[in-house]
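The values are calculated or read from the model by the stated rules, or taken from the named source; none is laboratory data. Here the structure is a predicted model, which means the values were calculated and not measured. When we count neighbours, we look across all protein chains shown, and the Cβ atoms used for this are built from the backbone with ideal geometry, even at glycine. Surface accessibility is based on the protein's heavy atoms, side chains included, excluding ligands, DNA and RNA. Shrake-Rupley method; radii C 1.70, N 1.55, O 1.52, S 1.80 Å.
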Amino acid sequence: MNVVQGLKCRECGREVAVGPVHVCEFCFGPLEVVYDHDRQRRVVTREAITAGPPSLWRYADLLPVLPGATPQERVDLGAGFTPLVPAPRLGAALGLRDLWLKNDTLNPTNSFKDRVVSVALSAARRLGMTTAACASTGNLAQSVAAHAAGSGMDSCVLIPADLEEAKVMATAVYGTRLVAVDGNYDDVNRLCGEIASEDDDWGFVNVNLRPYYAEGSKTIGFEIAEQLGWRLPAHVVAPMASGSMLVKIDKAFREFTQLGLVDDAPWRISGAQATGCSPIATAFKSGVDAIRPVRPDTVAKSLAIGDPADGYYALDVVHRTGGAMEDVSDPEIAEAILLLARTEGVFAETAGGVTVAVLAKLAAAGKIDPDERTVAVISGHGLKTLPVLQGRATPTHTIVPTLDAFHSALAIQEVHA
Ligand SMILES: *Cc1c(COP(=O)(O)O)cnc(C)c1O
């Protein structure tokens, strides 16, 4: 079963055959996967999806699975189909009565990046590429290294040298070639573009494989709708680095609607950034379409893309759906991580802190209706960014090992029989 027709330029609309290409030869616009919609309408049903594996591959017929690819040769560590859980206590704290969390901390390498990597590397294999590679803000490197190790591919990942130690170690552990570059993400990305144009065997998941990579993000949107009982939420709040995930959640809702898998109903999508790297939110708030690149300076390193590739499209989605964008400071991010953990038992990395803090800001500003069904995307695990909680998550009491010391520390009255 193959549903992929080719690639198409998002700007001029020209079509090309599937291959390791990501920009249009004519206008340099980004390429996007084109599907055979008639075929999809015949094969994609709620029943077929439900009968699929409990991973993102249950949506294989809506993903860029290349001709001849078999399920056995997928690059798959089980990414996707993460829990969608109600968040009543966080909701109560923020004045939202129908709040849900999409908990993507529970992916194989604990971030949403496992979705895009599994899809991109499965395509890479089919395209005959032998080395898995990426330009990363941290989570992508870890995910590429893990998926390559788990499928016997060679890998080489490039990161800015100043990443969190946990992300560096959690990448190196997989035995990849890990190249720390003295520069920021945008420098790393430029370098990867140069390497990719030199060597066709290298699949940079977010550079020359970007059309396939980006499609993987749709699966968050598919899952949200399926897990709500085949219904769309009224509002989704998502973090933005390049802006690609946010754009693809909107695309997922459109595809589900067009295929008749959910009833047509309006949805809004809102975007979250850290103030120290908020080129997209800043453009939105100033009412302009042109995104001015910035030099990132924030603890939310996984979102620190100063020149976001999909920023323009993210603005378009948020405008078109009637959503909003906001940005939050580093202290607000740390506070939001604690609030989420203490109200819902979900421990998020800085990107999740950004999302929850922006959710709070939008709720306080009346930009989220208290009764509308709202989903916040929690995209990475808190153990990846422990140092941001330095001094804020410590033992509450330190004692000598006696019962007296314990009681007086906790000021518990002794109970006498
Ligand atoms: C990469 C990343 C995002 C957002 O990615 P986009 O480039 O906007 O698609 C969000 N959260 C985490 C934890 C990430 O690693």
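Any residue at all in the stretch 388-407 that is among the basic types (Lys, Arg) and part of a helix (DSSP H, G or I)?
Scanning the stretch 388-407, I find no residue that is among the basic types (Lys, Arg) and part of a helix (DSSP H, G or I), so the answer is no.
Does the stretch 292-317 hold any residues that are away from the ligand (no atom under 11 Å from the Cβ) and either open to solvent by less than 50 Å² (accessible area, probe 1.4 Å) or out of contact with any Gly (no Cβ under 7 Å at 6 or more places or on another chain) (or both), and which are they?
Step one: list which residues in the stretch 292-317 are away from the ligand (no atom under 11 Å from the Cβ), which gives 292-299, 306-307, 312, 315-317.
Result: ARG292, PRO296, THR298, VAL299, GLY306, ASP307, TYR312, LEU315, ASP316, VAL317.
For first residues located in the stretch 352-375 and under 19 Å from THR282 (Cα atoms), partners that are open to solvent by 60 Å² or more (accessible area, probe 1.4 Å) and lie 6+ apart or on another chain with Cβ distances below 6 Å form the pairs ALA357/GLU332. Determine if the stretch 220-235 includes at least one residue that is open to solvent by 10 Å² or more (accessible area, probe 1.4 Å), of a type outside the set (S, T, N, Q) and either within 20 Å of LYS8 (Cα to Cα) or within 12 Å of the ligand (Cβ to nearest atom) (or both). There is no residue in the stretch 220-235 that is open to solvent by 10 Å² or more (accessible area, probe 1.4 Å), of a type outside the set (S, T, N, Q) and either within 20 Å of LYS8 (Cα to Cα) or within 12 Å of the ligand (Cβ to nearest atom) (or both). Note on the stretch 331-358: among residues that are farther than 13 Å from LEU386 by Cα and of a type in the set (Val, Ile, Thr), the one that is farthest from the ligand (Cβ to nearest atom) is THR343.
Scanning the stretch 176-219 for residues that are out of contact with any helix residue (DSSP H, G or I) (no Cβ under 6 Å at 6 or more places or on another chain), small (Gly, Ala, Ser) and touching a residue at least 12 places away in the same chain (Cβ under 8 Å) returns ALA180, GLY183, GLY193, ALA196. With the structure loaded, tell me whether ALA272 is within 17 Å of the chain's Cα centre (by Cα), open to solvent by less than 10 Å² (accessible area, probe 1.4 Å) and within 12 Å of the ligand (Cβ to nearest atom) or whether it fails that test. Yes, satisfied.
For the stretch 163-216, filtered to residues that are among the charged types (D, E, K, R), open to solvent by less than 60 Å² (accessible area, probe 1.4 Å) and outside any helix (DSSP H, G or I), the residue that is nearest to LEU303 (Cα to Cα) is GLU164.
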